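> Shown below is the structure under consideration.
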Amino acid sequence: MGVGVAVAVELMRIATWNVNSVKQRLPRLLPWLDERQPDVVCLQETKLADDAFVDLVGDELANRRYTVALHGEATWNGVAILSRVGLSDVVAGVPGAPGFPHPEARAVSATCGEIRVVSVYVPNGRTPGSEHYRYKLAWLASLREMVAAGPQATIVCGDMNIAPTDDDVFDPDAYVGQTHVTPPERAALAELQALGLHDVVRDRWPNERVFSYWDYRAGMFHQDLGMRIDLILASTPVASRVRAAWVDRQARKGRGPSDHAPVIADLDEAPDGDIGPVVPPPSAPVTKRRSVKLPQSR
DNA sequence: ATGCCTGAAGGGTTCAGA
């Protein structure tokens, strides 16, 4: 005993979830908070202006000891951070990021438990080569600049609207010519990760079939035909504390789900120095791919 | 060839989503 005793850092659970409307998702969101007990939650597609968010769910969150950082707008988009491990230095949006044409509510940052947390809803892109697509790439470049200028202990969570590799879609052939999988989008994501951010779910499940989004249509979830586009990207000091990381598929089941599932990471105290090689989880049996048409946009 | 499903706004339908 004596001087130099390490201060115990409590386990911290951080989650990200594109809820596709807080208003419509309340019957799923509140029970999920009670069951999973996350300490920090990044939300996307809240679809609420900030005052409407507070009116709708402020009391319910306060009762659960969450404070909130909000960056929303009516109808579309909207992001938030819920925290019960502190929440300070809130920044709405990404400085210098383009709009379409006006800035959209797609990012909010706050410091929670000594970690810089960024909740992002990356633009969809719609069609490769379109104005929306160029907007997506430019917005990602601005996000990268903001993260690069930020503190070392950082975690970027949210709906990236990019599947990092072909292993992150149920069938690469089904996505030929579509957004979310094109080389420029993947390059933009890779440049963000090149700041030193680790994809904590893929790191923990390197050979698994892991998706976070399934189209509502055509029984895609039932057949597990999805994409992994919701990511938790952690800088090395944070990634080294990850004890577990997974997609909460239970939240995609049942009545009235979002089309996205939450992604959750549990952080533990960092041991001194290197934690050594991480033992990969056992591989699942290879799932035979079926040829399936994507639901088509109009 | 088209809709499939869901949410929002507005108005009896259309747009957006990925």
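> Can you tell me which residues in the stretch A:109-149 are hydrophobic (A, V, I, L, M, F, W, C) and assigned to a loop (DSSP other than H, G, I, E, B)?
A:Val122, A:Ala149
> Going residue by residue through the stretch A:10-30, is there one that turns out to be more than 20 Å from the chain's Cα centre (by Cα), acidic (Asp, Glu) and either in a helix (DSSP H, G or I) or more than 15 Å from DNA strand B (Cβ to nearest atom) (or both)? It would help to see each step written out before you state the result.
Initially, the stretch A:10-30 is screened for residues more than 20 Å from the chain's Cα centre (by Cα), giving A:10, A:27.
Now restrict to residues that are acidic (Asp, Glu): A:10.
With the extra rule that they be either in a helix (DSSP H, G or I) or more than 15 Å from DNA strand B (Cβ to nearest atom) (or both), the set shrinks to A:10.
Yes - at least one qualifying residue is present in the stretch A:10-30.
> Where residues in the stretch A:74-91 are over 28 Å from A:Asp34 (Cβ atoms) and assigned to a strand (DSSP E or B), which of them is farthest from DNA strand B (Cβ to nearest atom)?
A:Asp89
> If a residue must be within 13 Å of DNA strand B (Cβ to nearest atom), on the phi < 0 side of the Ramachandran plot and either crowded, with 21+ Cβ neighbours inside 10 Å or of a type in the set (Gly, Ala, Ser) (or both), how many such residues does the stretch A:232-271 contain?
Within the stretch A:232-271, residues that are within 13 Å of DNA strand B (Cβ to nearest atom), on the phi < 0 side of the Ramachandran plot and either crowded, with 21+ Cβ neighbours inside 10 Å or of a type in the set (Gly, Ala, Ser) (or both) number 3.
> Quick one: what pairs do we get from the stretch A:128-157, first residue touching a residue at least 12 places away in the same chain (Cβ under 8 Å), second of a type in the set (Asp, Glu) and part of a helix (DSSP H, G or I), C-beta under 9 Å, 6+ apart or different chains?
A:Pro128/A:Glu185; A:Tyr133/A:Glu185; A:Lys136/A:Glu185; A:Leu137/A:Glu185; A:Leu140/A:Glu185; A:Leu140/A:Glu191; A:Ala141/A:Glu191; A:Arg144/A:Glu191
> Next up: Given the conditions (1) over 28 Å from A:Ala148 (Cα atoms); (2) surrounded by fewer than 15 Cβ atoms within 10 Å (Cβ to Cβ), and given that A:Leu30 satisfies all but one, which numbered condition is not satisfied?
Of everything listed in (1) over 28 Å from A:Ala148 (Cα atoms); (2) surrounded by fewer than 15 Cβ atoms within 10 Å (Cβ to Cβ), A:Leu30 misses just condition (2).
> Just to be sure before I move on: is A:Gly196 farther than 28 Å from A:Arg25 by Cα and touching a strand residue (DSSP E or B) at 6+ places or on another chain (Cβ under 7 Å) in the structure I sent? Write out each step before concluding.
Details: farther than 28 Å from A:Arg25 by Cα: yes; touching a strand residue (DSSP E or B) at 6+ places or on another chain (Cβ under 7 Å): yes.
So A:Gly196 passes the test.
> Moving on to the next point. Which is at pLDDT 95 or above and in contact with a strand residue (DSSP E or B) (Cβ under 9 Å, 6 or more places away or on another chain), of A:Pro128, A:Pro151, A:Pro123? Spell out the reasoning first.
Values: A:Pro128 fails: in contact with a strand residue (DSSP E or B) (Cβ under 9 Å, 6 or more places away or on another chain); A:Pro123 fails: in contact with a strand residue (DSSP E or B) (Cβ under 9 Å, 6 or more places away or on another chain).
Testing whether each residue is at pLDDT 95 or above and in contact with a strand residue (DSSP E or B) (Cβ under 9 Å, 6 or more places away or on another chain) leaves just A:Pro151.
Listed here are the residues, each with its yes/no results for (1) at pLDDT 95 or above; (2) within 17 Å of A:Arg204 (Cβ to Cβ); (3) of a type outside the set (Gly, Ala, Ser).
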position	(1), (2), (3)
A:Met227	yes, no, yes
A:Asp230	yes, yes, yes
A:Ser240	yes, yes, no
A:Ala244	yes, yes, no
A:Ala251	yes, no, no
A:Asp266	yes, yes, yes
A:Val286	no, no, yes
A:Ser297	no, no, no
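> Return the residue satisfying two criteria in turn: it lies in the stretch A:204-221 and is free of Cβ contacts under 8 Å to residues at least 60 places away in the same chain and in a loop (DSSP other than H, G, I, E, B), and of such residues it is nearest to DNA strand B (Cβ to nearest atom).
Once the filter is applied, the top-ranked residue is A:Tyr216.
> Same structure, new question: May I ask you to say which residue of A:Asp50, A:Asp55, A:Asp39 is modelled with pLDDT of 95 or more, charged (D, E, K, R) and within 16 Å of the chain's Cα centre (by Cα)?
None of the other options fit; the residue is A:Asp39.
> Filter the stretch A:222-243 for residues that are in a loop (DSSP other than H, G, I, E, B) and in contact with a helix residue (DSSP H, G or I) (Cβ under 6 Å, 6 or more places away or on another chain) and give the result.
A:Arg228, the sole residue that qualifies.
> Do you know which of the residues in the stretch A:98-108 that are under 19 Å from the mean Cα position of the chain (by Cα) and part of a loop (DSSP other than H, G, I, E, B) is surrounded by the most Cβ atoms within 10 Å (Cβ to Cβ)?
At the first step, the residues of the stretch A:98-108 found to be under 19 Å from the mean Cα position of the chain (by Cα) are A:104-108.
Within this subset, residues satisfying the condition of being part of a loop (DSSP other than H, G, I, E, B) are A:104-106.
On the way: A:Glu104: 21, A:Ala105: 24, A:Arg106: 28.
My answer is A:Arg106.
> Being in a loop (DSSP other than H, G, I, E, B), near DNA strand B (Cβ under 10 Å from one of its atoms) and over 16 Å from the mean Cα position of the chain (by Cα) is the filter here; which residues of the stretch A:150-180 pass it?
Matches in the stretch A:150-180: A:Gln178, A:Thr179.
> Shifting gears a bit: Before we move on, is A:Asp224 of a type outside the set (Gly, Ala, Ser), more than 10 Å from DNA strand B (Cβ to nearest atom) and at positive phi?
For A:Asp224, the condition - of a type outside the set (Gly, Ala, Ser), more than 10 Å from DNA strand B (Cβ to nearest atom) and at positive phi - is met.
> Between a residue in the stretch A:50-61 that is crowded, with 18+ Cβ neighbours inside 10 Å and any residue that is part of a helix (DSSP H, G or I) and among the aliphatic types (A, V, I, L, M), which pairs come within a Cβ distance under 7 Å, given they are 6 or more apart or on different chains?
That search, which allows pairs on different chains as well, returns A:Phe53/A:Val22; A:Val57/A:Val22; A:Val57/A:Leu26.
> Filter the stretch A:194-203 down to the residues that are in a helix (DSSP H, G or I) and crowded, with 16+ Cβ neighbours inside 10 Å, then identify the one that is farthest from the chain's Cα centre (by Cα).
So in the stretch A:194-203, the residues in a helix (DSSP H, G or I) come out as A:200-203.
Then drop every residue that is not crowded, with 16+ Cβ neighbours inside 10 Å, which leaves A:200-202.
Numbers: A:Val200: 11, A:Val201: 11, A:Arg202: 13 Å.
The residue in question is A:Arg202.
The values are calculated or read from the model by the stated rules, or taken from the named source; none is laboratory data. Note that this is a predicted model, so its numbers are computed, not measured. All Cβ positions, glycine included, derive from the backbone under ideal geometry; neighbour counts span all protein chains shown.
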